[in-house]
Amino acid sequence: VVASSGGDAEVELFLEVAAEQASRLLDVHRYVAGSDYLYTTDPQGELKRLQAKGYRYLGVAFHLFSPGMPGTTAFYRWFHPGKGDHFYSHDRNGGGKSLVGYLYEGSIGHIATSRLSGTRTLYRWRHPSQGLHFYTTDETGEGMGKRGYRFDGIAGFVR
């Protein structure tokens, strides 16, 4: 029943409730070779590189979103062959960090740039004297502080 100044009227109303399409989550696999941590959502596609460079598998570190998830943007990867370091950012220009010597390797998935429901913070840690980077959802850095790494900011929000 709808009431108005012209009187009451019965109106037939239809409502369809559709299930929200779940975003596809991408497993982010962590590998290490020496002091270089490589994160990838496509280990099979990078298998030759991982084997050739001697990367050792450490497991799934976190989950990124597939493209098209509202509130997310591409998460880019660069590699510095001289340092043997991978750097990641949602900013195509590095987010204010110097990318001199780094080679652009593309996007590995999508990351939220603000906290979404059910997400966790992805922390970036950096070794100041060596310029190496490490990424984790553990706010204590998984003990990397004891190895000389220092907190370097929030990379984004992941599942």
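The values are calculated or read from the model by the stated rules, or taken from the named source; none is laboratory data. Here the structure is a predicted model, which is why all the values come from computation and not from measurement. Cβ: placed from backbone, ideal geometry, glycine included. Neighbour counts: every protein chain shown. To get the accessible areas, we keep the full protein, side chains included, count just its heavy atoms, and leave off ligands, DNA and RNA. Shrake-Rupley method; radii C 1.70, N 1.55, O 1.52, S 1.80 Å.
Please list 123, 57 from largest to smallest accessible area, probe radius 1.4 Å, with all protein chains kept in place.
Ranked from most to least accessible, the order is 57, 123.
Which length gain, in nm to one decimal place, applies between residue 4 and residue 24 when the Cα-Cα distance is subtracted from 0.36 nm times their residue separation?
So the chain would gain 2.6 nm between residue 4 and residue 24.
Quick one: what does P(r) look like for segment 18-159 with 5 Å bins over all Cα pairs, in whole %?
For segment 18-159, the pair-distance distribution reads 2, 10, 19, 25, 21, 15, 5, 2, 1, 0, 0.
Compute the Cα gyration tensor for segment 40-120, then decide on rounded, prolate or oblate, letting a ≥ b ≥ c be the square roots of its eigenvalues: rounded whenever a/c is under 1.5, prolate when a/b is larger than b/c in the other cases, and oblate in all that remain.
oblate
With r defined as the distance between the Cβ atoms of residue 100 and residue 35 and R0 fixed at 25 Å, what FRET efficiency is calculated, to the nearest 0.05?
Once rounded, the FRET efficiency stands at 0.85.
Collect residues whose amide H, placed 1.01 Å from N in the peptide plane, falls under 5 Å from the amide H of residue 105; neighbours closer than 5 in sequence don't count.
77, 78, 79
Just to be sure I follow the rule: in the chain, considering lysines 8 or more places apart or on different chains, how many pairs have Cα atoms under 21 Å apart?
Close lysine pairs found across the chain: 4.
Rounded to the nearest 20 Debye, what is the dipole magnitude of the chain about its Cα centre when Lys and Arg each give +1 and Asp and Glu each give -1 at the C-beta?
Here the size comes out at about 1320 debye.
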